[in-house]
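To start, the structure under review is shown below, and the notes come after it.
The values are calculated or read from the model by the stated rules, or taken from the named source; none is laboratory data. The structure displayed is predicted, hence computed values, not measured ones. Glycine also receives a Cβ, built like all others from the backbone with ideal geometry; neighbour counts cover every protein chain displayed.
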Amino acid sequence: MIEKQHIIDRFKSYVIIDTESDPNSDATPSTEKQWNLANKLAEELKQIGMEDVTLDENAYIMATLPSNVSHPVPVIGFVSHFDTSPDFTGANVKPQIFENYDGKDIVLNKEQNIILSPDYFEDLLLYKGQTIITTDGKTLLGADDKAGITEIVSAMEYLINHPEIKHGKIRVGFTPDEEIGRGAHKFDVKKFGAEWAYTMDGSQVGELEYENFNAAGAVVTVKGKIVHPGSAKGKMINSMYIATDYINSLPRLETPEHTEGREGFFHLHGFKGSVDETKLQYIIRDHDKKHFEARKAMMQRLADDLNEQQEMEVVTVEIKDQYFNMREKIEPVMHIVKIAKQAMEEAGIEAIIKPIRGGTDGSQLSFMGLPCPNIFAGGHNFHGRYEFVPVESMQKAVEVIVNIAKITALDISKFKKEEE
Ligand SMILES: [Zn+2]
């Protein structure tokens, strides 16, 4: 087992570097400051003894741990992202360590009375007696996904220091800009050269995911007609009223706040209106491809209906697909999920397999030819001041990575049998 303090030190050295990404930038990486951590990571990978360490012009990092067996073993990979979410500031992160957590409130910030309480965040109680790393209440923590990076680097270091553990060739990939949906965009799958990989980007210890949403974004534009209100009778068209009709025509209970599990939704996340023009920003999510297509069709049909009522085209809808459920790419190679499950069992963890209500780098990578389920990284309450990660979960993740390497170098035909 890898030493606790070693994990803490490594994790801290990453989270104190601000790597917030920026959706409004077209550059890759979207922010210059992501280079600060990218450069450090490339150096560190060399230092621990990784080979073929590359840092490309877009800040994607790749590295190799060569095989230490003579028989052929599939090349596998581990992937994480080093940017943090623009939802909350990642500047001046000051991690706090709480040892032997007693199950009570954790005061993150005394002056501002910011409390991390199990009354509200009951997941905390899973980690009684463990060492918890939190923020100081003013920033996010960046366990998403610097916990994943910590785990991958630590696992590679562990394997290098323990040559008695037999494994095949392992590839490591760290990406920028995952939080703005572009982590996989410039990932060179061919250069990576793995048969399959795992993102270390899940939350609670045990999470193992190979299903995610199908996702699209929609912009609904309503055109009105502005006329002087004093002489508007029969002439004015107030786009905000029509937009409101549009909103109310969509199923009100199929929204994020009313759905869970495999239930899909429409999410209105922006409304900008004047009499003359109103723009509605939606995202559409569904695990089921058919339902997903039906949702998109419904958004168009509602626009058609309103246009018919108005007897002219006032509503237009522009829908763009964002990503798809990786399940169809994973199912033909289910042994890669079974290997991860076995690796968890050997680490004393029960796998929690459930559909992700979101996307991952792995879903995009899976469609780019690199099947890529997602494994827990250990953090909770991502993208905000209440983010925390138990050190023990990070230790377990390291163990899982090491076990996956080990199991893949053994005879994996038993995992493949049922696929035939
Ligand atoms: Zn993440």
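Between ILE165, ILE152, ILE133, which is over 29 Å from LYS320 (Cβ atoms), in the same structural domain as GLY378 (by TED's automatic domain parsing) and assigned to a strand (DSSP E or B)? Spell out how you get there, then give the answer.
Working: ILE165 fails: assigned to a strand (DSSP E or B); ILE152 fails: assigned to a strand (DSSP E or B).
Selected residue: ILE133, the only one of ILE165, ILE152, ILE133 that is over 29 Å from LYS320 (Cβ atoms), in the same structural domain as GLY378 (by TED's automatic domain parsing) and assigned to a strand (DSSP E or B).
What tally of residues in segment 383-406 results from selecting those that are within 14 Å of the ligand (Cβ to nearest atom) and farther than 18 Å from THR175 by Cα? Walk me through how you get there before you give the answer.
First pass over segment 383-406, keeping only residues within 14 Å of the ligand (Cβ to nearest atom): 383-384, 387, 389, 397.
Remaining after also requiring farther than 18 Å from THR175 by Cα: 384, 387, 389, 397.
Residues that pass the stated criteria total 4.
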Before we move on, is ASN109 at pLDDT 95 or above, over 26 Å from the mean Cα position of the chain (by Cα), surrounded by 14 or more Cβ atoms within 10 Å (Cβ to Cβ) and not acidic (Asp, Glu)?
yes
Do we have PHE415 as modelled with pLDDT under 95, more than 16 Å from the ligand (Cβ to nearest atom) and either assigned to a helix (DSSP H, G or I) or buried (at least 18 other Cβ atoms within 10 Å of the Cβ) (or both) here?
yes
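Go through segment 365-382 and give me each residue that's outside any loop (DSSP other than H, G, I, E, B) and more than 13 Å from the ligand (Cβ to nearest atom). Walk me through how you get there before you give the answer.
Looking only at segment 365-382, we keep the residues that are outside any loop (DSSP other than H, G, I, E, B), and these are 365-367, 374-376, 380.
Scanning segment 365-382 gives LEU365, SER366, PHE367.
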Of (1) closer than 18 Å to ASP188 by Cα; (2) surrounded by fewer than 24 Cβ atoms within 10 Å (Cβ to Cβ), ILE353 satisfies every one except (1)
Within segment 70-112, track down each residue that is over 22 Å from GLY142 (Cβ atoms) and in contact with a strand residue (DSSP E or B) (Cβ under 8 Å, 6 or more places away or on another chain).
PRO74, VAL75, ILE76, GLY77, ASP105
Flag if ASN374 is modelled with pLDDT of 95 or more and touching a Gly at 6+ places or on another chain (Cβ under 9 Å):
yes
Among (1) assigned to a loop (DSSP other than H, G, I, E, B); (2) loosely packed, with under 15 Cβ neighbours inside 10 Å; (3) in contact (Cβ under 8 Å) with a residue 12 or more places away in the chain; (4) out of contact with any Lys or Arg (no Cβ under 7 Å at 6 or more places or on another chain), the one test that ASN39 misses
(1)
Restricting attention to segment 229-274, report how many residues are out of contact with any strand residue (DSSP E or B) (no Cβ under 8 Å at 6 or more places or on another chain) and either closer than 22 Å to PHE324 by Cβ or surrounded by fewer than 18 Cβ atoms within 10 Å (Cβ to Cβ) (or both).
19
Out of segment 188-240, which residues are within 16 Å of the ligand (Cβ to nearest atom), within 25 Å of TYR282 (Cβ to Cβ) and out of contact with any helix residue (DSSP H, G or I) (no Cβ under 6 Å at 6 or more places or on another chain)?
GLU209, PHE213, ALA215
